[in-house]
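Comments concern the structure below.
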């Protein structure tokens, strides 16, 4: 029983090892991610987008003003 | 119509786009050959098309409404929705071309979906040209409304149906595995958030353009 269980665990572990190998072959931007530099890019993009959104809101506000004048 | 002047859905749109930007760059994506890290383009390229579909649908709805009511406001909504839709169309085409350069090797590889998207683009350009060609206001509104109602199903067939019946490089077309087969739930969830986010953004921009257009229209009719 113990032997069977042991071999099953070994088999499963070897499967995960093979699985990981499969993925690791494919080139991804792992260094960028692990060094944390990706956060700089995300922060930049988020700030640009929020800026544009504020711009849109201000257009919305000014339009509302003009519409109310009429 | 009150919906147009409310703020909550605009804030929601901004928050959802922010979610896709942050999560889109940071979540784990499946390691796939060919696309590699560019699979993250899914979160930004595909929602452009969804945003386009949504504003085009709204445009058709208001074209039909115009034919029933002859209210010039409905015509103005229809045309501004097409304007914004064409803008997102261009964004979708350009982002798709950049992505294609990296994965399929060329900006334009005459992929059926690329070609029919280009034809559909011309179809909507023709709508805008047609509008400018007719001087009389009511005639212009009526003819362009009818054109719009016919153009929409043709666009759907060109982009959604025909490429699926031949061999296209896009996922889910021809012999290619469907999108859901090659991605995991995380990717799809962010993609759906992106669909809602960018659709709301497109609708927002369309309402802004419509409101400006309405003021112009009222001014012109006073002169």
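Quick notes on this structure:
- Mean residue ellipticity at 222 nm, helices only, the protein assembly as shown: -27000 deg cm²/dmol; runs of at least 4 DSSP H residues each add -39,500 (n - 2.57), and the sum is divided by the number of residues.
- 10 °C / 1.306 mPa s Stokes-Einstein diffusion coefficient of the protein assembly as shown, Kirkwood radius on C-alpha pairs, µm²/s: 73 µm²/s
- Shielding value for A:56-66 is 3, the average number of Cβ atoms from other chains within 10 Å of each residue's Cβ.
- Residues residue B:6 and residue B:115, FRET efficiency given R0 of 30 Å [Cβ-Cβ distance, rounded to 0.05]: 0.15
- Residues in segment B:104-121 reached by a label modelled at residue B:165 [backbone nitrogen below 17 Å; 7 Å Cα→Cβ]: B:112-117, B:119-120
- Label-point gap, in nm, between residue A:59 and residue A:46 - each point 7 angstrom along Cα→Cβ: 2.5 nm
- Distance from the C-alpha centroid of segment B:91-163 to that of segment B:58-90: 15 Å, rounded to the whole angstrom.
- Ordering of A:39-47, B:7-15, B:144-152 by burial proxy (mean other Cβ atoms within 10 Å per residue, highest first): B:144-152, B:7-15, A:39-47
- Most to least packed among A:57-68, B:30-41, B:192-203 [average Cβ atoms within 10 Å]: B:192-203, B:30-41, A:57-68
- Residue B:134 paired with residue A:67, simple spin-label distance in nm, labels 7 Å along Cα-to-beta-carbon: 2.7 nm
- Kirkwood Rh in Å, taken over all unlike Cα pairs in chain B: 18.8 Å
- Length-normalised contact order of chain B in % [C-alpha pairs under 8 Å, at least 6 apart]: 34 percent
- Shape category assigned to segment B:143-223 from the gyration tensor of Cα positions, a/c cut at 1.5: oblate
- Averaging the sequence gap over all C-alpha pairs within less than 8 Å and six or more residues apart, then dividing by the number of residues, gives segment B:53-172 a relative contact order of 32 percent.
- With the simple spin-label model, which puts each label point 7 Å out from Cα in the Cβ direction, the residue B:64 to residue B:32 separation comes to 3.5 nm.
Computed from the coordinates by the stated procedures, all read-outs in this text should not be read as laboratory data. All values derive from a computational prediction rather than experimental measurement. Because the Cβ atoms are built from the backbone with ideal geometry, glycine has one as well, and the counts that use them run over all protein chains shown.
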